[in-house]
Amino acid sequence: MAESYIFLVEDNPDDAFLVSRIIGKVCPETIILARDGEEATEMLQKMADDASYRRIRLVLLDLKLPKINGIEVLQAIRSSDVLRSLPVAVLTSSDNDVDQERCRALGILDYIFKPLTTDRLEHVLSLNKDA
Amino acid sequence: MYEDAERRDMGPLPYDFSGIALLYVEDEADARNMVSKMLAMNYPKLKLYAADNGAVGLELYREHEPEIVMTDINMPVMDGIRMSREIKAINPEARIIAVTAHSDTSYLLNAIEIGVHHYVLKPINYEELFSVIDKILEQIVLKRLVGEQNRRIIESERQLSSAQRIAHLGSWQLDLADGSMNWSEELYRICGLEPGSLVAHYQSFLDRFQPDDREVIKNAIRLAADNRQPVSAHFCRITRPDGSQRILRVEAELFLDGEGLPATMIGTSHDVTEIKQAEEQIRNLTDDLERRVIQRTSLLQASVRELESFSYFVSHDLRAPVARLEGFCRALAEDCSNCGTTQCSVYAERAERVVKQIKHIIDAFNNLTHYAKCKLVIEEVDLSAVVRNIATGFEQSEPERQVDFIIAERLLVRGDPGLLQIALEHLIGNAWKFTSKKERARIEFGCNDQEGTRIYFVRDNGAGFNMKYLDKLFKPFQTIHSPGEYSWNGTAIGLATVHSIILRHGGRIWAEGEVDKGATFCFTLEPNPEPGNFME
């Protein structure tokens, strides 16, 4: 079986470390890290071009990002013919109802308040399997 | 004689003679008695005085001043002519009837000179006498009527003049044919003139007004006359001779002549300077007040915005590092339990609890700011029902506790049902919590009316509080009980929330308490609180 990825978009190194730690506990996927929205969309576009996006098991997307924010990244994914069906879970530390509604409207697996726990990640991955 | 009596029966004279008196002076006793009787019979309402000579007659006259004097001429002591002269000197208006024999005619010239205008010849022809008396009575009564009428006219003129003066209301009449006018005294005074000091004419009337307003009034009067309409109220400025300005409210009615053509205009000029000044003052005050309200509102909005950005900071920016900290605590707890260093994992767990507390405070803070700025939806709320539900909830949560709830029936208010529910949950919750050490707890919800204001209260017989901490009670994050003493939840924001909600409802909240005796929380609510929020 070919290598598969968890695509993590997170600007804060501490958070990136914490999420990576949880991912490492739960699943064997390689982590691809994008440090802001712009980097994320560029990397995703490249993966769309070379079809490596197919190996992304889950996109973990922080909402509050420099340059291009998480919702815009999500919009870009959902409006791309190639990437539109990528499984995305949002990570956030704020309880903004409007953000949550917009994300759910765009299509997400889960809306997770930080910090991410092993239980929650397992749950999300199980949702993805069902889909 | 009987004929005369019959004549009188034919119908009463159409006047009221009551109060009129007649003095009859005659030295011959028989004649005097006879005539007196006839007079009394024919003029039952006439007051009759009789005398047997001029001197007695004059004395009676002085005493009673009768309107009519009927006198013989030739009498002892004082004759009729002399007496008449004396009487006329006292009262030139006295009516004197001379009763004369033919032999007395030589006196007549004298009598006429004195002002004796009536005479009856002896022997008395009663028909003639009564006709003379009737004529005199008629004159007296008519004169009285005219006098009365004049008195009334003078009275009502005085009244009108006083009324005009009090009301600062002048009136005028304008003859449209020649422009001649009649001004009331008050109109002169309003114009700063001595009454009557100026010939009242249309031009002098117009001259009072300031040039702009003069044209306005002139046009209004012309238009009214052309269109056969009244002059509607116009506010115009006049200038007094001393240079001061007054504002008049001028209006008039138009009267047509017999042929239906405009003839006369009768109008009023009301000096409304003070009223207008007061209006102006009120307008200025209102403007000023509005300006201040706008100013205050924008200050308020600014501070609400500040609060908003602060709460945004707390809920977004602060949450991220707290969540991070929580993540690291968990990582520490999980990984250290693997490495087996017990102390380490205890610290990690305790740190995690502290993080939870921080999150709790952030939540509480955000709730508090939410109540201060959220949109109010105003409906009718039955506070009694709300309190009953809350009470039932607490009773079910701790069925072992003995708490008597006394809840007044149907306390209906207008307010936001959700927010009022939260406020009462906190108040009843506090009462529930602070009576937990009482064997027999008692929690009361009711109201009383003081000086037209309804005051609601939640009273308990619990732990109470020391009144010296009163001002800390409603402040967020301040507590007056030690942690753990009464299952302290770590936020101390309940009463601050209640305070905020009551403020949003235009009310006040205060508390009374005594240690170990209990606490009473009182609050008022605006009868009709404003819906929406400050930012709109």
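So that you can scan it fast, the table gives a plain yes or no per residue for (1) of a type in the set (Gly, Ala, Ser); (2) modelled with pLDDT under 95:
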| position | (1), (2) |
| --- | --- |
| A:Asn12 | no, yes |
| A:Lys25 | no, yes |
| A:Glu38 | no, yes |
| A:Ala51 | yes, yes |
| A:Leu58 | no, no |
| A:Leu63 | no, yes |
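For segment B:392-431, a residue qualifies if it is crowded, with 21+ Cβ neighbours inside 10 Å and in a loop (DSSP other than H, G, I, E, B), and exactly one does: B:Asp416.
Annotation: of all residues in segment A:72-95 being hydrophobic (A, V, I, L, M, F, W, C) and within 14 Å of chain B (Cβ to nearest Cβ), the one that is nearest to A:Asp49 (Cα to Cα) is A:Val90. Exactly one residue among A:Ala40, A:Ala51 is more than 14 Å from every other protein chain (Cβ to nearest Cβ), under 15 Å from A:Val9 (Cα atoms) and small (Gly, Ala, Ser), and that residue is A:Ala40.
Cβ-Cβ contacts under 9 Å between residues 6 or more apart (or on different chains), taken from a first residue in segment B:355-382 that is closer than 18 Å to B:His316 by Cβ to a second residue that is of a type in the set (Phe, Trp, Tyr) and modelled with pLDDT of 80 or more, are listed as B:Thr369/B:Phe310. Working only within segment B:163-213, note down all residues that are assigned to a strand (DSSP E or B), within 19 Å of B:Ala233 (Cα to Cα) and more than 34 Å from the chain's Cα centre (by Cα). Across segment B:163-213, the qualifying residue is only B:Leu174. Look at (1) farther than 14 Å from B:Tyr24 by Cα; (2) touching a residue at least 12 places away in the same chain (Cβ under 8 Å); (3) out of contact with any Gly (no Cβ under 8 Å at 6 or more places or on another chain); (4) not in a helix (DSSP H, G or I) and you find that B:Met41 fails only one, number (4).
I'd like the full set of residues that are among the polar types (S, T, N, Q) and part of a helix (DSSP H, G or I), limited to segment B:253-280. It would help to see each step written out before you state the result.
Restricting attention to segment B:253-280, the residues satisfying the condition of being among the polar types (S, T, N, Q) are B:264, B:268-269, B:273, B:277.
If the condition is that a residue be among the polar types (S, T, N, Q) and part of a helix (DSSP H, G or I), then B:Thr273, B:Gln277 are the ones that fit.
In this structure, does B:Ala302 turn out to be within 14 Å of another protein chain (Cβ to nearest Cβ), assigned to a helix (DSSP H, G or I), over 33 Å from the mean Cα position of the chain (by Cα) and without any contact (Cβ under 8 Å) to a residue 24 or more places away in the chain? Spelling it out, it is not the case that B:Ala302 is within 14 Å of another protein chain (Cβ to nearest Cβ), assigned to a helix (DSSP H, G or I), over 33 Å from the mean Cα position of the chain (by Cα) and without any contact (Cβ under 8 Å) to a residue 24 or more places away in the chain. Residue under question is A:Leu33, and the condition is that it be under 25 Å from A:Ala2 (Cβ atoms) and assigned to a strand (DSSP E or B); does it hold? Considered against the rule, which asks whether it is under 25 Å from A:Ala2 (Cβ atoms) and assigned to a strand (DSSP E or B), A:Leu33 comes out as yes.
Hey, could you check segment B:305-334 for residues that are of a type in the set (D, E, K, R) and within 9 Å of chain A (Cβ to nearest Cβ) and say which is nearest to B:Ala348 (Cα to Cα)?
Pass one, segment B:305-334, residues of a type in the set (D, E, K, R): B:305-306, B:308, B:317, B:319, B:324, B:326, B:330, B:334.
Among the residues that remain, those that are also within 9 Å of chain A (Cβ to nearest Cβ) are: B:317, B:319, B:324, B:326, B:330, B:334.
Working: B:Asp317: 24, B:Arg319: 19, B:Arg324: 14, B:Glu326: 10, B:Arg330: 7, B:Glu334: 9 Å.
Once the filter is applied, the top-ranked residue is B:Arg330.
Would you call B:Ile238 touching a residue at least 40 places away in the same chain (Cβ under 8 Å), assigned to a helix (DSSP H, G or I), in the same structural domain as B:Trp172 (by TED's automatic domain parsing) and surrounded by 12 or more Cβ atoms within 10 Å (Cβ to Cβ)? Reasoning before the result, please.
Details: touching a residue at least 40 places away in the same chain (Cβ under 8 Å): yes; assigned to a helix (DSSP H, G or I): no; in the same structural domain as B:Trp172 (by TED's automatic domain parsing): yes; surrounded by 12 or more Cβ atoms within 10 Å (Cβ to Cβ): yes.
Considered against the rule, which asks whether it is touching a residue at least 40 places away in the same chain (Cβ under 8 Å), assigned to a helix (DSSP H, G or I), in the same structural domain as B:Trp172 (by TED's automatic domain parsing) and surrounded by 12 or more Cβ atoms within 10 Å (Cβ to Cβ), B:Ile238 comes out as no.
The values are calculated or read from the model by the stated rules, or taken from the named source; none is laboratory data. These numbers were taken from a predicted model, which means no experiment stands behind them. Ideal geometry is used to build each Cβ from the backbone, glycine not excepted, and the neighbour counts take in all protein chains shown.
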